Amino acid sequence: MNAENRLTAPSVPMRGPTPVSGKPSKLKKLLHKDGTWAFLLLLPNILGFLAFTLIPVFASFALSFTAWDMLSPMQWVGLSNYTQLANDETFIKVFWNTIYFAGVSVPAGIVISLFLAVALDQNIRFKKFYRAAFFLPVVSSMVAVAVVWQFIYNPEYGMMNFFLDKIGIRGPDWLTSTVWAMPAVIITSVWKNLGFNMLIYLAGLQGISEDYYEAADIDGARWHQKFLFITVPLLSPTTFFVTVMSFISSFQVFDTVFLMTQGGPARSTSVIVHYLYENAFKYFSMGYASAMAYILFFMVLVITLIQFWRQQKWGIH
Amino acid sequence: MRMSRMLVIVMLFSLISAACSSTTTNNTVNTPSNTPDSGKKIVTLDFMGWEASPLETESVKKGLALFMEQNPNIKVNYQPVPGAQYAQKLLTMLAGNAAPDVFFLGATEYRSFQERDVLLDLTAQFELDMSLSDFIDSSAEIMNIDGNIYGVSSCTVSPVLYYNKDVFDKENISYPPSDPAKAWTWDEFREAAKKLTVKEGDKITQYGAFGLENFYMTSAEILSNGGSLFNADGTKMAINTPEANEVMQSILDLRVKDEVSPTAKTLESVGMKANQMLQTGKVAMVVDGSWALQELATMDFPVGVAALPSFQKSTTHGQAHVHSASKNTEHPEEAWKLLKFLSSEEYQIGLINEGLWMPNRRSLYTEEGIKKWYNEAVHPEGFKEMVMFFAEAEAYPFTLITENKVIDIINEETDKLWYAGQSVDDTLANIETRSNVELAK
Amino acid sequence: MKQIRVFKVTAHLVLLAGALTMILPFIWTVSTSLKQLKEVFVFPPTLFGERIQWENYLQISERFPFDIYFLNSLKITIIVVIAQLITSSMAGFVFARLRFRYRELLFGLYLATMMVPAQVVMIPNFIIMRHYNLIDTHYSLILPALVSAFGTFLLRQFFLTIPASLEDAAKIDGCTPFGVYWRIFVPLSKPAMATLGVFVFMGIWNDFLAPLVYINSQMKMTLPLGLASMQGMYGTDWPVLMAGTVISIIPLITIFLLAQDFFIKGVTLSGLKGE
């Protein structure tokens, strides 16, 4: 943010009355030095960071070039994990499943939450109630959500097909169909995260000055024109941020899939992290799983870089 | 700010009570330490198993109480772990030096665990106290890894055919035979299933048969048609044969063509387990593991047990989990004592008596032996004729290979067969190509 | 202003429909939890069965130690939240206000790791825990979570907004840097700390993957993991399973309703950070 505009603190503080002993002791000098405290206050954080974040990142990279099951000795295999992944039918399937999941759930979630935020921004009563209602799924644990929605998707007696029936559609066998299982997972995921993005949009909307709308009213603009030509463009930083964040988190989806469908039927809902988990903790192929993790990292990196460049280009921040 | 202050107070209070009660909880969870008698050192063994049902855990605990009576210097701390991912958890613990001393080990994981060198070699003690010939063929074949023993099983289980006698009586059809020598042929089975399926309007209110789409059961039928899953030394898939093809197609036709079988996942998602389907008469015949008898016997309806329908020969497969010890256990002698007890007639009978297990000791298949465990309240009329079905079962093929990815591949491909319209030819071909890749590793 | 009226009515309808979609599954869960199994499978669905089946709740509480799960979750979550607040504020302060060599480089490193997915560090962390025999202990869940690059980043950004004049005044009075931190920055950052705290709370409480990987024994399970294991056992006994679900989501929903403003502010703050 803004540059610090303060004086550099002197290593010996200027004080009013001179201490009786004259020159300040070495200890006191140390205590007031920035460097000392920087070290002390940063220490716990750095230690944790090194131990559980930084070193593991590199360790994981190294691991991805080995074959290891934690019990037998580690073997160096060079790039073979990566080449194997490129030819691994299952990995290719889960990769595209992940893209499918992200590609549908992110846009859907954003569009719906935008509309909801706009609706909520209309200065209506019960705002707090609506906010709370929409945020309820966000705070619930994924386990609870998975259990509940599994039942909702029950083909004979679940709520989903009940409502579909009411409008004359015969609902499919959601979670047991290789075609409909992924849409089911997507719907649940969008449902759960709607409130979160809605709130972010709400904050963004409140940053748009009323003046724009008033000017548009004077020009006789209809509501959809105001929406398309004022609201949406002015919200683009927010939209951008939400989109990038949503993509990154949807690449990492695991809980939903694991709990609702265990990746089935026939791996139609299995995603990268799910296959990663299986390889690491079911088959104990640590090297192979680490290679997968790095491919995931790369995907996230690409999206983040896009955000970074776009931000530079638009001169934001 | 009053709300937030109250929140903080609530949190602190909960934290304090959490700290206090976690210590009390630890005390109740740990086995209370006894005062050792006559100065003998008390050895505590950690015994881990899975809990397939509360009934089973009860039976195990009763057995352990008996063991502890007989061995006052050994304390067994039994910890059942909720079922799913048991093998992974166990392997993680073994990898992390936090392993239990003695534990259940699924027969299909036994060889792959041994390959990882985490199991205690029991061969020496085994040969002192017992012999492979004490056990039925399938059990012996499973336990024996290249002449060495790393685990001892206490029972055997096999797929069998259950039926609801009332439904059969209603439709005036004779029961399927228990005697494997007289087992129904597949066509006889199919005919009966058709007669037992009742349609009211366009909804089927009673199905003829269910359960064969579970590969555990499917594989038994493949074996009965002379097919096999793997080649002799377990290095390649041998499933893509006309025999297996015929079996899979017949089973698929039961549901898709003849409409005598409901979809597995749909019925299960309605909250009905196979047992309940049979009990309520929604399905007349169910193919399930012999372990189901324990619960079925308590369900208050006349259940019958029969040999599986046979294609060419009447057979089924058998397997059971073994009990093994961790290679790094600090008490190998006491661990062996427990393992020996767990495979003894004494311990087995308690669980066979309730219908959960079938014996795996030859001594329990003789006339006198059978009397020791046969229970009229549990074993239906005619069950005696079936007894040799178990003794002569083939070893469950998956127990003889070490690559557990194969089961996942088979489940994935058969899912496509049963639910997504993939042809039997493609399914078998895919299974073979994909599994061979894994088996070659 | 009819247009505005139409707007508002439409808005209300849309929101109402949306809110119902959000709440209906929860209502359904409670309703199912109070029925008997056979009453669950009726078409069309009913709200209540013959009688209120409280027994489901008793049954599930007897089979599963929800109190233990709850306390485990609470213990771990509170420790992590407090620890993260402390370490993040200290480090945030250093990055914002204290000069030393390589400061920007180090902070850049922190930022970089923020985009590393959790799964990348999951396996090495697991290996570390295994090496120190911490598998199946709560340490394995607490230790990696004590420090957070995100928390550090968040508080550093906030600290940058505190005017330098306050700090200078304190220094003139003879404050050590620690004093500046403790007496000025910390009290001023209560809102930011509260929102970070609430975020972390929600994240750790609902975390499923870490307990799934590390915890094996039932008595050490956290609430989400306990509920998942319950599903394994009672998979198709929906009323009992729903009773367990209700029990497991009540704590966080209660906390949410009590501290709603904090949650919401936290979300909006994190959203604005990106602009």
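The values are calculated or read from the model by the stated rules, or taken from the named source; none is laboratory data. Computed from a prediction, not measured in an experiment: that's the story for all the values here. With ideal geometry, Cβ positions are generated from the backbone for all residues, glycine too; neighbour counts draw on all protein chains shown. The area values use the complete protein model at the heavy-atom level, side chains included, leaving out ligands, DNA and RNA. Shrake-Rupley method; radii C 1.70, N 1.55, O 1.52, S 1.80 Å.
Surface burial for B against A, with a 1.4 Å probe and both sides summed, reaches about 2000 Å² of accessible area. Oblate is the label for chain A, because a/c, from the alpha-carbon gyration tensor with a ≥ b ≥ c as root eigenvalues, is 1.5 or above and a/b does not exceed b/c.
Computed with a 1.4 Å probe on the full set of protein chains, the accessible area for C:Arg51 sits at about 120 Å². Quote the FRET efficiency, to the nearest 0.05, computed for B:Thr185 versus C:Asp261 with a Förster distance R0 of 60 Å and r equal to the Cβ-Cβ distance. With a Förster radius of 60 Å, E is 0.25. Here chain C exposes an accessible surface that is 70 percent carbon and sulfur, computed with a 1.4 Å probe and the other protein chains kept in place. Accessible surface area normalised per residue over the range C:2-83 is 53 Å², counting heavy atoms of protein chains with a 1.4 Å rolling probe.
For B:Lys41, a cut-off of 15 angstrom between C-alpha atoms picks up these aspartates and glutamates, skipping any fewer than 8 places away in its own chain: B:Glu330, B:Glu333, B:Glu334.
Across C:Cys175, B:Cys155, the residue with the most accessible area heads the list, and the full order at a 1.4 Å probe is C:Cys175, B:Cys155.
The residues of the range C:126-275 expose on average 35 square angstrom of accessible surface per residue, using a 1.4 Å probe on protein heavy atoms.
Against chain C, whose longest principal axis is taken from its Cα atoms, helix C:238-258 shows a tilt of about 30°.
Count the net charge of all other residues whose Cβ sits under 15 Å from the Cβ of B:Pro54, scoring Lys and Arg as +1 and Asp and Glu as -1. Residues near B:Pro54 contribute -3 overall. Total buried accessible area between C and A, probe 1.4 Å, nearest 100: 9600 Å². Simple rule: put +1 on each Lys or Arg Cβ and -1 on each Asp or Glu Cβ in the protein assembly as shown, find the dipole, and look at C:Phe153, A:Phe91, A:Phe101; the Cα lying farthest toward the positive end is C:Phe153.
Once the 1.4 Å probe is applied to the protein heavy atoms, chain B comes out at 43 Å² accessible per residue. Checking every one of the chymotrypsin sites (Phe, Trp or Tyr not before Pro) in the range C:185-261 against DSSP loop status and a limit of 15 other Cβ atoms within 10 Å picks out no site at all. Checking every one of the trypsin sites (Lys or Arg not before Pro) in the range A:276-317 against DSSP loop status and a limit of 14 other Cβ atoms within 10 Å picks out no site at all.
Using a cutoff of 8 angstrom between alpha carbon atoms and counting only pairs six or more residues apart, the relative contact order for chain B works out to 24 percent.
Using heavy atoms of the protein chains and a probe of 1.4 Å, the accessible area assigned to B:Asp233 is about 110 Å².
Here the accessible area is traced with a 1.4 Å probe on the protein chains. For chain A, carbon and sulfur cover 67 percent of it. Cross-link partners for B:Lys170 among the lysines, with Cα-Cα distance under 17 Å and sequence neighbours closer than 8 places in the same chain left out: B:Lys194, B:Lys195, B:Lys199, B:Lys282. Candidate cross-link partners of A:Lys29 among the lysines, defined by an alpha-carbon separation under 30 Å and a same-chain spacing of 8 or more, comprise C:Lys171.
Pairs exceeding a 21 Å alpha-carbon distance, out of A:Lys93/B:Lys416; B:Lys257/B:Lys416; B:Lys273/B:Lys384; B:Lys89/C:Lys220; B:Lys236/B:Lys257; A:Lys313/C:Lys265: B:Lys273/B:Lys384; B:Lys236/B:Lys257; A:Lys313/C:Lys265. Classified by the C-alpha gyration tensor, chain C has an oblate form. Its axis ratio a/c, with a ≥ b ≥ c, is 1.5 or above, and a/b does not exceed b/c.
The trypsin sites (Lys or Arg not before Pro) of the range A:150-240 that DSSP puts in a loop, and whose beta carbon has at most 15 other beta carbons within 10 Å, are A:Arg170, A:Arg222. Shown for chain B: the carbon plus sulfur share of the solvent-accessible area, taken with all protein chains present and a 1.4 angstrom probe, equals 50%. In percent, rounded to a whole number, the relative contact order of the range A:16-172 is 6, using alpha-carbon pairs under 8 Å and six or more apart. Contact residues in the range A:164-186 by the 50 Å² criterion (accessible area, 1.4 Å probe, full protein complex versus chain alone): A:Thr176.
Pairs spanning more than 23 Å between alpha-carbon atoms, out of A:Lys192/C:Lys38; B:Lys75/B:Lys372; B:Lys61/B:Lys340: A:Lys192/C:Lys38; B:Lys75/B:Lys372.
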